Each structure stands twice: as C-alpha cells, then as structure tokens.
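*Asks:* Here it is, the structure in full.
Taken together, the values in this text are just the output of simple stated rules run on the coordinates, not laboratory data. Since this is a predicted model, take the numbers as computed values, not measurements. Methodologically, a virtual Cβ is constructed for each residue, glycine included, from the backbone with ideal geometry; neighbour enumeration extends over all protein chains shown.
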Amino acid sequence: MMEDTYTTPLAKWSRVLEIFIPGYMFGKAWGIANEGTVDLYRATFPAFLINMAEGIKAALHTDSHYLQLLFATVAGAAIGFAVILLLGAVMHFVMGDRKYIDSLRFTSVTLIPIAVMNGTLSHVSNTVLESLGMGESVEALTQSALQSPRGQIAMFFVFYMTSLWMFGKRTGVKGWRRYGVLGVGIGFMAAYFACGLMITTGEWEILLPKLQAALAAH
C-alpha cells in the first residue's frame, strides 16, 4: 500500500492539483483551435477529440472573445480529464494495491510528458500555418508538418516511459505490476497513434490546398 506522506495543511489541495494541472495541460491543446486552424488540428490530433471540443465550444458560444478563449481551453481540458479518468481506471486495475484516487494521481502526474507533447504539437501546427502565410515553400512546409513532429513524439514517448518506471518505483509499484504499468502506457500511446495522432502524407495532400485557399481568401 502506498504511504500517505503529506503532512502540510495544504495536502488536500496539492492532491487535487496533482490531478488538475496535468489534466488541464494534457487536454488543453484539443480545444484551442480556431476557424483557421481547426482542420490542421484535426489532422495533427485524433479528429474525434477535436470534434468533441468544437461541440462543447459551440454549446458554450459567446460573443465575448476572452470568454470564448476560456471556453476553448475548458472544452479541451474537460476531454483531457475524461481520458485520464479512463486511463486511470486501467492503471488502477493493473496496480491493484491502492485507492482509485491514488491511481488517478499516478496516471495524471506520469502523463505530464504527453501533455507537454500535445502543447508542442499544437505549437508546430500554428507555426506551419504562420509559415504558409509568410510564403514558405511547399517543400519546407511539408517537412515541418510531416517530419519535424516525429522526433518530438519519440522524445516525449521515452520521457513518458521513464516517468512511468521511475514514479512507479517511487510510489511502491512492485514486481510484475511495474511492467504492467509500462504495458498500459505503451498501449495508450499505440491507441493514441491509431486514432490519428500526427499528420499523414495523405492527410497533408488534402489539407494543404485547403490551407492555401483559406489564406488566399483572407
């Protein structure tokens, strides 16, 4: 059983923040697309996640620019929390030696590398669009859209595996369960890829003319 080592009056708040902050970081990127970038985000991330975020944003639509920005991040974060709740349930089943809330904290904290990866990919998407507006060549844009994210994803995947292994050791995950936790992490990333993480060549061939047409219209 994982020991409760919190001794400060802010212990309960820190436990909540251990779930809230990584969850917010993890899902935020799925909700921050605008009219000009939403197609690019649908190609970069699993399209159904972006569509869900867009649906929430439409339901909360307001004429206030600042409120709409808030609703956008809230929409993405809400979906991020839902994913973490599901992944946390699988982690809880594998670890099987602690309360669900502790398994959820473990899941949330170890997902920080993937949360940072999502933010990096959203930045890459925005950079691609900005480069298109500055007259960047098609070859350079294609390189940025298809090749640049690969190294980032590989690096953050290694960080994720490392966080699962080391945090598992720190929190008392022992024996086969440590390898089980790694297996869950690998399975999660495989599912993330299978659902549409990263732009494929076919998606880019369809997306590029749309982006060029949208830029010309503006």
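*Asks:* Give me the angle, in degrees from 0 to 90, between the Cα long axis of helix 112-133 and the longest principal axis of the Cα atoms of the chain, rounded to the nearest 10.
*Replies:* Result, in degrees: 10.
*Asks:* Report, in degrees rounded to the nearest 10, the 0 to 90 angle that the Cα long axis of helix 100-110 makes with the longest principal axis of the chain.
*Replies:* The angle comes out near 50 degrees.
*Asks:* Provide Rg over Rh for the chain; use the alpha carbon set for both Rg and the Kirkwood Rh (inverse mean inverse pair distance). Could you put the intermediate results ahead of the total?
*Replies:* Details: Rg = 19.1 Å, Rh = 18.6 Å.
That ratio is 1.03, to two decimals.
*Asks:* Cross-link candidates for residue 174: which lysines have Cα within less than 27 Å, leaving aside residues fewer than 8 places away along the same chain?
*Replies:* 12, 99
*Asks:* Give me 87, 129, 69 ranked fewest to most by other Cβ atoms within 10 Å of their Cβ, as a rough exposure proxy.
*Replies:* 69, 129, 87
*Asks:* For a quick check of your reading of the filter: which GluC sites (Glu not before Pro) in segment 29-133 sit in a DSSP loop and have no more than 12 other Cβ atoms within 10 Å? Could you put the intermediate results ahead of the total?
*Replies:* Values: sites: 35, 54, 130; in loops: 35.
Here the sparse-neighbourhood loop sites are 35.
*Asks:* How big is the gap, in Å, between the Cα center of segment 90-110 and the Cα center of segment 121-181?
*Replies:* Between the Cα centre of segment 90-110 and that of segment 121-181, the gap is 23 Å.
*Asks:* Right, another one. Please give the calculated 222 nm ellipticity per residue for the chain, where each DSSP H segment of at least 4 residues contributes -39500 (n - 2.57) and the sum is spread over every residue; nearest 500 deg cm²/dmol?
*Replies:* Numbers: 10 runs with 166 residues, N = 218.
Result for the chain: -25500 deg cm²/dmol, rounded to the nearest 500.
*Asks:* Still on this model: Using DSSP loop states and a limit of at most 12 other Cβ atoms within 10 Å to flag trypsin sites (Lys or Arg not before Pro), what is the longest stretch of the chain containing no flagged site? The partial results should precede the final answer.
*Replies:* Numbers: sites that count: 99, 174.
The longest such stretch corresponds to 1-98.
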